[in-house]
Amino acid sequence: MIEDALSEPDLSLGPRSPLALVPGQVRCQLLMLVRSPLPAFITLVVPVMLLVALDLVTPEMTLRSLGGVRVAQFLTPAMASFAVLNAGFVDTVVGTTLARERGILKLLRATPLPSWVYLAGRLGATLVVGAGSVAVVTLIGLNLLHAHLAPGGLGPFAAAAAAGLVASFALGVAVAALVTSADSALPVSYAILLPIAFISGVFFPAPTEAHWLRALSDALPAAPVARALEAAFARGAAHGPTVHQLLVLAGWTLGATGLAAWRFSWAPTGGRHRRGAHGTSHRPPGTAPTP
Amino acid sequence: MPGVIEVRGLTHRYGRRVAVEDVSFCVARGEVLGLLGRNGAGKTTTIEIVEGYRRPTAGLVRVLGRDPFGGDRHLRSRIGVVLQSGATEPTLRVRELLALHAGFYHPRRRVSDLIAAVGLEGEERTVVGSLSGGQHRRLELALALAGDPEVLFLDEPTTGLDPEGRRQIWAVVTSLRARGAAILLTSHYLEEVEVLADEVVVMQRGKVLVTGSPDALRSAAPLGTSEIAFRTRPHVALPEGPWVVEVTRGGRSVLTTREPLAAIEQLAAWARHHGIDIEQLELRRPSLEDAYLQLTAEP
């Protein structure tokens, strides 16, 4: 009988603190990322593909603007920074928007799960996936393209990647707050990221002649990530992220967090979950859903 | 006894447009309230306000004595929600998703018990995205039961289910009601509301049109409370009587009447007098669906 099947709750299963829920969220977010082709393509395939393709079209070339280093020596940290931006920013915009439009966030808001635990889970998964992607890109650069990681560079390199992942994750949540449909999440993400990446020296060394462009890219979040990774990779232990780079990233992180707190909606804002005669989405319970 | 769900004078506007106006109802422990209305009647806005997703423009809403909007973790641990549209992560497996949600609650049910309750045995390792529509709906109900909800919001919970699946869900809802849960239900299946609901609120154009038990609603239907159906000779003109001839097709006549005994007596006398056979005579009360359609008929 169905009535018999609906058991009493099992009181031997103890309560879990919000902090104890974070690992479960990270695990599930990782499972979702691993099982979905789009995040794997965004975070891993795109940077690796670009690394190999750009190296193939520039065989044995050197970069005069960087003192004559081989292109592969520049490309390896550059594509690692692109992997950071893809995992932290693009994947967060796409994944968060999709979860909202599917009604997943709305349902979660009706459960006792604190909103910060959900976002911490996403951030944790982003850090793991981003780190994995950076590692793959770097290993390919070192082993197949014969780039060299400067002695003692691994620590600063990892620190720069982590700082970049946190900042780009916050920016991803903020942009997800403004994107109104899952369909537009990917094009909007790349429409924002690619121009910034180009002027920030992610794909080619940043132009030094145009001072205004250099000043602009210095103030944007991609350049600190790219330059910090490049410095750590090429020059090693003494070249971790600078205070200025960390301040720029912290500023963007705080600004993005504020924007998300103001604008982020947990209910679908359009698409197939638009319901009823009115279809308007308002901020769901417990509002102030900040990352 | 105070209601577990209390709604008094609820009004909600979108800009200048009034979506819900002066809606009041109350759901006690161990009671199921059915919220009915055509699309655009204000049901979704009402239920979303009671669930805590929207702040009402005016009026008082209390769930377990608290304002659901901005509901704290404690309140949310005592409610279960089945949304109108599916809201689950398609790449997780059934067991993974249930374990994730169950972990939010204390007390909570075991995942295997939840799977058994909604009849998803054998699907534990199935990826959510590959479940059928009916299985997906069962999963959503299981998610809502993961804790020990004192209040359950079911927004069209059996949409897409086959008759067997629907009855399984009904049994779960009945079981929950017997345990004292207060349940707010919307459904397009009037038969479902008739079976499950103790009270029904019918909304029209944002307002409460009528409130009462399913029995009371049948009686409130304007065209009558009983139907007499029968088959007779084709093209026979029926006499005047205390009835309204509602449908005559396929040789079967349907009379709607408030005086079923007098109507049958008069009909029988007329048939005997003219030597007309009346076959397949059937007397039935209108279903809730009949009453609902009559009540909400637009002029």
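What the table below lists for this structure:
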quantity: Calculated from backbone phi, Karplus (6.51, -1.76, 1.60) coupling profile of segment B:162-169 in Hz, x at Gly/Pro; calculated: 6, x, 5, x, 4, 5, 4, 5
quantity: Selected from A:Ala110, A:Gly132, A:Trp212, residue furthest toward positive end of dipole (segment A:21-263; charges at beta carbon); calculated: A:Ala110
quantity: Test item: Cα-centred dipole of the protein assembly as shown, Lys/Arg +1 and Asp/Glu -1 on Cβ, debye; calculated: 1460
quantity: Cα lying deepest toward the dipole's positive end in chain B, options B:Ala297, B:Ala271, B:Ser130, charges on Cβ; calculated: B:Ser130
quantity: Of all DSSP beta bridges in the protein assembly as shown, antiparallel share, percent nearest 5; calculated: 65
quantity: About the Cα centre, charge dipole magnitude for segment B:131-189 (Lys/Arg +1, Asp/Glu -1 at Cβ), debye; calculated: 160
quantity: Sequence ranges A:190-200, B:39-49, ranked by mean other-Cβ count within 10 angstrom, highest first; calculated: B:39-49, A:190-200
quantity: Area buried, chain A against chain B - accessible surface, total, 1.4 angstrom probe, square angstrom; calculated: 4900
quantity: Amide hydrogen neighbours beyond the local backbone of B:Val200, cut-off 5 Å, H modeled; calculated: B:Gly34, B:Gly212, B:Ser213
quantity: From phi via Karplus (6.51, -1.76, 1.60), per-residue ³J(HN,Hα) for segment B:253-263 in Hz, x at Gly/Pro; calculated: 9, 10, 10, 10, 8, 8, 10, x, 5, 4, 5
quantity: For segment B:171-181, Karplus couplings with θ = phi - 60° (6.51, -1.76, 1.60), whole Hz, Gly/Pro x; calculated: 5, 5, 5, 4, 5, 5, 4, 4, 7, x, 6
quantity: Radius of gyration, Dmax [segment A:21-263; alpha carbons; angstrom]; calculated: 17.7, 58
quantity: Residue-averaged beta-carbon neighbours from other chains (10 angstrom radius) around B:86-96; calculated: 5
quantity: Dipole magnitude (debye, nearest 20) for segment B:18-156, charges at Cβ of Lys, Arg, Asp, Glu; calculated: 220
quantity: Fraction of accessible area attributable to carbon and sulfur, segment A:21-263 (%, probe 1.4 Å); calculated: 74
quantity: For B:46-56, mean number of other protein chain Cβ atoms within 10 Å; calculated: 4
quantity: Residue-span extension gain [B:Tyr189 to B:Ser112] - 0.36 nm each, minus C-alpha spacing; calculated: 24.8 nm
quantity: Neighbouring partner chain Cβ atoms per residue of A:8-18, average, 10 Å criterion; calculated: 5
quantity: Amide H within-cut-off set for B:Arg13, under 5 Å, with H built and near neighbours excluded; calculated: B:Ala19, B:Thr57
quantity: Among B:Phe25, B:Phe230, B:Phe69: highest mean-square fluctuation, GNM of chain B, C-alpha pairs under 10 Å; calculated: B:Phe230
quantity: Listed residues B:Trp170, B:Trp243, B:Trp270, most fluctuating in chain B (Gaussian network, C-alpha, under 10 Å); calculated: B:Trp270
quantity: Mean residue ellipticity (222 nm) of chain A, computed from DSSP H runs ≥ 4 via -39,500 (n - 2.57), nearest 500; calculated: -20500 deg cm²/dmol
quantity: Accessible area per residue in Å² at 1.4 Å probe, computed on chain B; calculated: 42
quantity: Distance (nanometres) between label positions extended 7 Å along Cα→Cβ at B:Leu261 and A:Leu19; calculated: 7.5
quantity: Selection from A:Ala256, A:Ala226, A:Ser81, by position along the positive dipole direction of segment A:21-263 (Cβ); calculated: A:Ala256
quantity: Solvent-accessible heavy-atom area per residue, rounded to whole Å², over segment A:21-263 at 1.4 Å; calculated: 40
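The values are calculated or read from the model by the stated rules, or taken from the named source; none is laboratory data. Remember, it's a predicted structure, so these values are computed and weren't measured experimentally. When we count neighbours, we look across all protein chains shown, and the Cβ atoms used for this are built from the backbone with ideal geometry, even at glycine. Just so you know, the surface numbers come from the protein's heavy atoms only, side chains and all, with ligands and any DNA or RNA stripped out. Shrake-Rupley method; radii C 1.70, N 1.55, O 1.52, S 1.80 Å.
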